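A short worksheet on the structure shown next.
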Amino acid sequence: MRQRTIQAVMAMTLMIGAANAAAADVPAPDARCAADAVVAGTVCLDRYEVSAWRVPDPNTANASLVAKIQLGSATRGDLGAAGATQLGGGGDDYAPCGDDGRNCGDIYAVSIPSVAPAAFITWFQAQEACANSGKRLPSSAEWQIGANGTPDPGPDDGTADCNTARGTATLTGERSRCASARGARDMVGNLAEWVADWTPLSTDCPGWASFSGDLMCLAGANETKSAPGALLRGGAFSDGAAAGPFAVSGDVDPTRAEDFIGFRCARALPEPGRAAQFGASVTALAVLARRRRRSS
């Protein structure tokens, strides 16, 4: 049922989007991605560090909300109306979703502004939340494209600059000057972000030398701990000038869950010529929801 709902919404969205695109002389630069994401090479990268939400009855009563999440059109109001519960804002409250990613089928990653970003989450849990939302963790290379142009921090003024000295995370998108050239927010500081790549667990942080003052912990290899390193990008809320668009760490294993670790997701770009106008999907979903209620 959920898959049919998503396919029907996509078909309606693409039909309306094609008409809108034909009427426009020049499409908006981000027309291929939903409003929750920015174009970063071959993917739509989440505009915001994601918040994590537990959605009750995702395959039945709230299938239309899940479709909105997967299309990138869900709002905070939609989540609240469906009884979704925000997770990871103040502690590790993901159970029964395990650190290994099992039993996580009702947790979704949502890119929206002005909410607490999801922290205290392992790499495995983050990947599952992305997958449930029709997305995945970006590669380090994809993340780098999205981060390009984000201010490499000096002092944090506490209001508009990237959050690199506050000591705790700020709400998503709250720091107005912390935006990349492509419009992604908070890619420097706030929460260090999981990306898809793994490496031997690093033991040293030699830095970038004259290239950059950003953190670089990709050296050495732990020969005693039986775990790899999962890359973290961007630095976090206490890293000061060591946070930045080139900050990278491979010294944290993928089972770690900390207050300074979060993530964002990526979804594939629509095929050329099939750029979706995602605003139209909200109306389509409402129609489908009414039809389902009448037929039940």
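The values are calculated or read from the model by the stated rules, or taken from the named source; none is laboratory data. Keep in mind that what you see is a predicted model, and the values were worked out from it rather than measured. Virtual Cβ from ideal backbone geometry, glycine too; neighbours counted across all protein chains shown.
The sole residue among 105, 90, 83 that is closer than 20 Å to residue 262 by Cβ, of a type outside the set (D, E, K, R) and assigned to a loop (DSSP other than H, G, I, E, B) is 90.
Every residue in segment 169-204 that is under 20 Å from residue 123 (Cβ atoms), of a type in the set (Gly, Ala, Ser) and not in a loop (DSSP other than H, G, I, E, B), please. Selection gives 192, 196. Here residue 223 meets the list (1) surrounded by fewer than 19 Cβ atoms within 10 Å (Cβ to Cβ); (2) modelled with pLDDT of 95 or more; (3) more than 30 Å from residue 81 (Cβ to Cβ) almost entirely, failing just condition (2).
Contact map, segment 183-200: residues that are over 27 Å from residue 157 (Cβ atoms) paired with residues that are among the hydroxyl-bearing types (Ser, Thr, Tyr), Cβ distance under 9 Å, separation 6+ or inter-chain. Pairs shown: 194/122; 195/139; 195/140; 196/139; 196/140; 197/139; 197/140. Evaluated against (1) within 18 Å of residue 258 (Cβ to Cβ); (2) surrounded by 20 or more Cβ atoms within 10 Å (Cβ to Cβ); (3) in contact with a Gly (Cβ under 6 Å, 6 or more places away or on another chain); (4) touching a residue at least 40 places away in the same chain (Cβ under 8 Å), residue 233 falls short on exactly one condition, (3).
Applying the set (1) crowded, with 23+ Cβ neighbours inside 10 Å; (2) at pLDDT 95 or above to residue 99 leaves exactly one unmet item: (1). I'd like to check something: does segment 237-249 contain any residue that is within 24 Å of residue 179 (Cβ to Cβ) and of a type in the set (Asp, Glu)? Yes, some residue in segment 237-249 is within 24 Å of residue 179 (Cβ to Cβ) and of a type in the set (Asp, Glu). Considering only residues that are in contact (Cβ under 8 Å) with a residue 24 or more places away in the chain and of a type in the set (A, V, I, L, M), which ones fall in segment 115-140? The answer is 115, 116, 118, 119, 121, 126, 129, 137. One residue is enough: does segment 149-168 have a residue meeting the conditions assigned to a strand (DSSP E or B), modelled with pLDDT of 95 or more and either of a type in the set (Val, Ile, Thr) or within 22 Å of residue 44 (Cβ to Cβ) (or both)? Checked against the condition, which is being assigned to a strand (DSSP E or B), modelled with pLDDT of 95 or more and either of a type in the set (Val, Ile, Thr) or within 22 Å of residue 44 (Cβ to Cβ) (or both), segment 149-168 yields no hits at all. Before we move on, is residue 26 touching a helix residue (DSSP H, G or I) at 6+ places or on another chain (Cβ under 7 Å) and either farther than 18 Å from residue 128 by Cα or at pLDDT below 95 (or both)? Here the answer is no, as residue 26 does not meet what is asked.
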